[in-house]
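Only the coordinates and a few stated rules stand behind these numbers; no lab work does. Source: prediction; values computed, not measured. For neighbour counting, all protein chains shown are included, and Cβ atoms are generated from backbone atoms with ideal geometry for every residue, glycine included.
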Amino acid sequence: MSKPKFQKRTIFLFAYIVFALVPIYWMVNMSFKTNQEIVASFSLFPQHFTWDNYHTILTDPSWYSGYINSLIYVSMNMVITLTVSLPAAYAFSRYSFLGDKHVFFWLLTNRMTPPAVFLLPFFQLYTTVGLMDTHLAVALAHLLFSVPLAVWILEGFMSGIPREIDETAYIDGYTFPRFFLTIFLPLIKAGVGVAAFFCFMFSWVELLLARTLTSVNAKPIVATMTRTVSASGMDWATLAAAGVLTIVPGAIVIWFVRNYIAKGFAMGRV
Amino acid sequence: MARITLDLAHAYRPNPQQDSDYALLPLKMEFADGGAYALLGPSGCGKTTMLNIMSGLLVPSTGTVLFDGRDVTRATPQERNIAQVFQFPVIYDTMTVAENLAFPLRNRKVPQAQIDKRVGEIAEMLEMSGQLNQRAANLAADAKQKISLGRGLVRPDVSAVLFDEPLTVIDPHLKWQLRRKLKQIHRELKLTLIYVTHDQVEALTFAEQVVVMTRGRAVQVGSADALFERPSHTFVGNFIGSPGMNFLQAKVSDGALLVADLRLPLLRALPDGELKLGVRPEYVRLAQPQDTGALPCLVTKLQDVGTHVMLTATVLGQAVKAKLATDAALPAIGDIAWLQVLGTHTCFYKNEEIVA
Amino acid sequence: MSMTTKPVNQKAWFLILPVLICVAFSAIVPLMTVVNYSVQDIISPERRVFVGTEWFVAVMRDEELHAALLRQLTFSLSVLAVELPLGILLALSMPADGWKASVVLVIVSLSLLIPWNVVGTIWQIFGRSDIGLLGATLQWLGIDYSYTGNAAHAWLTVLVMDVWHWTPLVALLGYAGLRSIPDAYYQAARIDGASKFAVFRYIQLPKMRGVLMIGVLLRFMDSFMIYTEPFVLTGGGPGNATTFLSQFLTQKAVGQFDLGPAAAFSLIYFLIILLLCFILYNWMQRVGTQEKEGGQ
């Protein structure tokens, strides 16, 4: 149903894209300026283009360690979440058992918990267990939302696979682990991709818990960015560069899963 | 009710060089007003393309479409006033059956009283009068297809109703009911109906004239009888009939007909050269050894299907099938049976086209 | 969850066990802690007095809390009022296929993957009149814009920031819904002579409705829990003009160490969300069954 239309919808789309990109562009713009230039003058393009800010971040351990820390706990979270969620999603999808609907609902509620509610308890809990300021702590804390989400998404995709495939495999003599790994997983790889994407998304962007549970060793980039005031005033340039760099992993991830995003959203399991 | 005239071609690319660049090779066709036609062919033959060109959902790359002599090539489906029924039911989920049927008329700003009357008439014809106030979304697939059809019929001046494999999602035992309904509607309303399908039974029972298509070409237009008795192309011979026509290599030289190394009498004028002899299994008969026009064939399979026996045999590597009566004197597997292949129903083909 | 009959198998609990352990660790244990605090007066780490429902009552009566709740509700409703129509419009405008669809999809989804504090930072910079494009432009137009000094400006900025951040979620949901409509529906509508608005009303909107409702509930709940972005942008100010519930709670718990009331409030907060979640869950079940039955 597409005829060439230069109508209101295309104009609107264009306007929205401008709206979406301009604030980001502005930050990119600033990231290529020096602090002096930012404070002294105002321009749409950097007058004295400089890579200095990025250089600082990529060479200063206190900066780049933030990225590395973030990537570490996000990856840990993704791995733990998927490992734990796949069998559970399979159970919800294939079997009916005592309390199944209630457990499913309860899982859902965890996705909806205000992190602020758990701030203090988490602080105490992790201090008690001796996991404060570790990547594992943040990864575990984020399980709170990523596991329900993953189970939810995976269950949806799994329910789309007819049970006959499982049954045929059992008849053919496959053990459950072998069936799951060699037959089932490849069939739902779109679902695994979507689940991994959403895990990444929520874990990468979360600030409150990540900052509360870390101080030095596992400090994520999101926390590092909040400390850019120095004697010479606000370090806007470096802040901007740091900000731009946080967007990059996200953009890469979206590009890779772009075909599956629509399908994942289609099931409304966000 | 309109007479549709086509004189067009449709290519995938602006400068078509060879046949495969065309979705529809250049053709000229006329569909008479009030006729029931079927477009029959395998997937990808271009039948849906032709249908969409007729309905206005597609503009042909070259040529014209005329409705009653009026050029409508670039006109919208609305302007052509056609109705189209798709492969799966297309209904407005939020509306009731009555509202669905009334929709096209409401869009034309027809007065409510007239709408109600017309909806009532059409519902009556489709045997849906009792369901008028039910929500369309909750009905079964065949009811939904009837609604789709009804929306097309509700406009009194609809020029033609086009069907794109409409029975695909209908349960088999309901298909014949719907087909019967369609024929009934055709008789009563005398509309031009054009039906696309890949199922020859559907096509042959529904249509007065069948257009057999393959790879963008309309190979033959004719009644079921004509297609059966004298297929004008080997494709038609093969596609129509179950099983299709037998084809044997033949050669004419020096006034003699050579089939499988046997000289057969030349009963009619045939051009010289390589030919194909085509004869339907229905017309292959058991003959006595050395009868004129009979070939010695090695019997390889005998299947008793209840109503007839299907005999499969080979002669010099070519297969021949015969449909024989169950009470005939049947040879056994491994025997040499003499099968009569020459007769009034035999056709000869040169370069796939019929010559005699 | 699938509505077709599934074999009963209690051994399935073993498959669920890892998940339960993880979530129990992350959720139940802390929750118990919160419940524990909510019914005690913690005068010092050693001295705790059981006070029953006293904190709950106090919290319900707290004027500051009422104010924060009101601010939160206003915010959440405003956010919905803008993001829903805007998201639908965006979904309708996005190309359906081809390379353009991929590019637009990535650009639109970008804001969803930016760490929330960076979102706050982007707008913090953007809105300043000395170094930000928005601030400078408004200044140049003669508007005395200041999101730090003027409460109304702060509100608007936080609102626009949230719209910028989260509209794509609604749009992506609507977009997915739209993509599930087969071409034949549009063709039939053309043949029936339907206007563009009729197409929207009778074909597109019904098909999008299921996923959009989920979007509405999700946005409402998420905006109800919002913390980072407004915190980074305005710090809750000027004054407490943009202090919403989560920040209010955090201030009480961490800033003032009023653990008892904070815990009590946490539970109430949690219960509100739980209620909304229950509605969401039921709606999703309904949408799921509809898609499997009616559908195409």
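In debye, nearest 20: dipole of the stretch B:151-294 around its Cα centre with unit charges on the Cβ of K, R (+) and D, E (-)?
420
Kindly provide the helix-only [θ] at 222 nm of the protein assembly as shown, computed as the sum of -39,500 (n - 2.57) over DSSP H runs of four or more divided by all residues, to the nearest 500 deg cm²/dmol? Before the final figure, lay out each step's value.
Working: 36 runs with 483 residues, N = 922.
Value at 222 nm, helices only, nearest 500: -16500 deg cm²/dmol.
Could you give each residue of the stretch B:312-329 its phi-based ³J(HN,Hα) in whole Hz, using Karplus coefficients 6.51, -1.76, 1.60 with θ = phi - 60°, and x for Gly or Pro?
These are the phi-based 3J(HN,Hα) values: 10, 9, 10, 10, 6, x, 9, 8, 9, 10, 9, 9, 10, 5, 5, 9, 6, 6 Hz.
Give the lysines reachable from B:Lys28 as a straight Cα distance under 21 Å; neighbours fewer than 8 places away on the same chain don't count.
B:Lys47
Rank B:Arg217, B:Arg118, B:Arg80 by mean-square fluctuation in a GNM of chain B with C-alpha springs under 10 angstrom and give only the top-ranked residue.
Per the Cα network of chain B with a 10 Å cutoff, B:Arg118 tops the list.
Can you compute the radius of gyration and Dmax for the stretch C:49-166, using only the Cα atoms, both in Å?
Spelled out, the Cα radius of gyration and Dmax of the stretch C:49-166 are 19.7, 66 Å.
Could you list the square roots of 5 times each eigenvalue of the Cα gyration tensor of the stretch B:184-234, that is, the equivalent ellipsoid semi-axes, sorted largest first and rounded to whole Å?
21, 12, 9
So if we plug the beta-carbon distance of B:Ala269 and B:Gln209 into 1/(1 + (r/R0)^6) with R0 = 22 Å, what FRET efficiency do we get, rounded to 0.05?
Computed FRET efficiency for B:Ala269 and B:Gln209: 0.15.
At a Förster distance of 35 Å, what's the computed FRET efficiency of A:Asn217 paired with C:Ala58, Cβ-Cβ distance as r, to 0.05?
Working: r = 39 Å, r/R0 = 1.12.
That pair, A:Asn217 with C:Ala58, gives E of 0.35.
Which values of log₁₀ I(q)/I(0), to two decimal places, follow from the Debye formula for chain B at q = 0.08, 0.14, 0.15 Å⁻¹ with a uniform point scatterer at every Cα?
-0.52, -1.10, -1.19
Mind telling me which of C:Asn150, C:Asn282, C:Asn240 comes out most flexible in a GNM of chain C, alpha-carbon contacts under 10 Å?
It is C:Asn282.
Other chains' Cβ within 10 Å of A:241-252 residues: what's the mean?
The mean count of partner-chain Cβ atoms within 10 Å per residue comes to 4.
Test of understanding: what is the full-extension gain from C:Ala152 to C:Asn36, defined as 0.36 nm times their sequence separation minus their Cα-Cα distance?
Values: separation 116, 0.36 × 116 = 41.76 nm, distance 3.93 nm.
Gain on extension, C:Ala152 to C:Asn36, equals 37.8 nm.
Once the Cα gyration tensor of chain C is found, what semi-axes does its equivalent ellipsoid get, as square roots of 5 times the eigenvalues, in whole Å, sorted largest first?
For chain C, the semi-axes come out at 39, 32, 16 Å.
Residues in the stretch B:74-109 near a label at C:Arg209, defined as backbone nitrogen under 12 Å from the 7 Å Cα→Cβ point?
What the label zone holds, given the 12 Å backbone N cut-off, is B:93-96.
Which order do the peptides A:62-68, A:250-256, A:236-242 take when ranked by the mean count of other beta-carbon atoms within 10 Å per residue, highest first?
Taking the mean over residues of other Cβ atoms within 10 Å, the ranking is A:236-242, A:62-68, A:250-256.
What does the structure give for C:166-174 when I average, per residue, the other chain Cβ atoms found within 10 Å of the residue Cβ?
2
For the pair B:Thr300 and B:Ala140, how long in nm is the line joining their label points, each one 7 Å along Cα→Cβ?
4.4
Partner chain Cβ atoms within 10 Å, averaged over the residues of A:23-32 - can you pull that number for me?
The shielding value for this peptide is 5.
Expressed as an acute angle from 0 to 90° and rounded to the nearest 10, what is the orientation of the C-alpha long axis of helix A:61-94 relative to the principal long axis of chain A?
Value to nearest ten degrees: 20.
If each residue of separation counts as 0.36 nm, what is the full-extension length gain between C:His66 and C:Phe14 once their alpha-carbon separation is subtracted?
Answer, rounded to one decimal: 14.2 nm.
Relative to the compact globular guide of 2.2 N^0.38 Å, what is the alpha carbon radius of gyration of the protein assembly as shown, as a ratio?
1.24
If I model a spin label as a point 7 Å beyond the Cα along the Cα-Cβ vector, how far apart are those points for A:Asp133 and A:Ile17 in nm?
About 4.8 nm, to one decimal.
Packing-wise, with mean Cβ within 10 Å as the measure, how do B:348-356, B:208-216, A:43-51 rank, highest first?
Packing proxy ranking, top to bottom: B:208-216, B:348-356, A:43-51.
Considering chain B as a Gaussian network with a 10 Å cut-off on Cα pairs, which listed residue, B:Arg135, B:Arg74, B:Arg13, attains the greatest mean-square fluctuation?
Of B:Arg135, B:Arg74, B:Arg13, the Gaussian network model singles out B:Arg13 as fluctuating most.
Highest mean first, how do B:170-181, C:75-86, B:43-54 rank when packing is the count of other Cβ atoms within 10 Å averaged over residues?
B:43-54, C:75-86, B:170-181
Explain nothing, just compute: Karplus ³J(HN,Hα) = 6.51 cos²θ - 1.76 cosθ + 1.60, θ = phi - 60°, for every residue of the stretch B:97-105 in order, whole Hz, x for Gly and Pro.
4, 4, 5, 4, 5, 7, 3, x, 6
What nm distance separates the two modelled labels at B:Leu316 and B:Asp171, each placed 7 Å from Cα along Cα→Cβ?
That separation, rounded to one decimal, is 5.4 nm.
Could you calculate the FRET efficiency of B:Arg180 with C:Asp97 from 1/(1 + (r/R0)^6), where r is the beta carbon distance between them and R0 is 30 Å, rounded to 0.05? Walk me through the numbers on the way to the answer.
On the way: r = 40 Å, r/R0 = 1.34.
According to the calculation, E is roughly 0.15.
Can you list the residues, at least 5 places off or on another chain, whose amide H is less than 5 Å from the amide H of B:Gln84, using H built in the peptide plane?
B:Leu162
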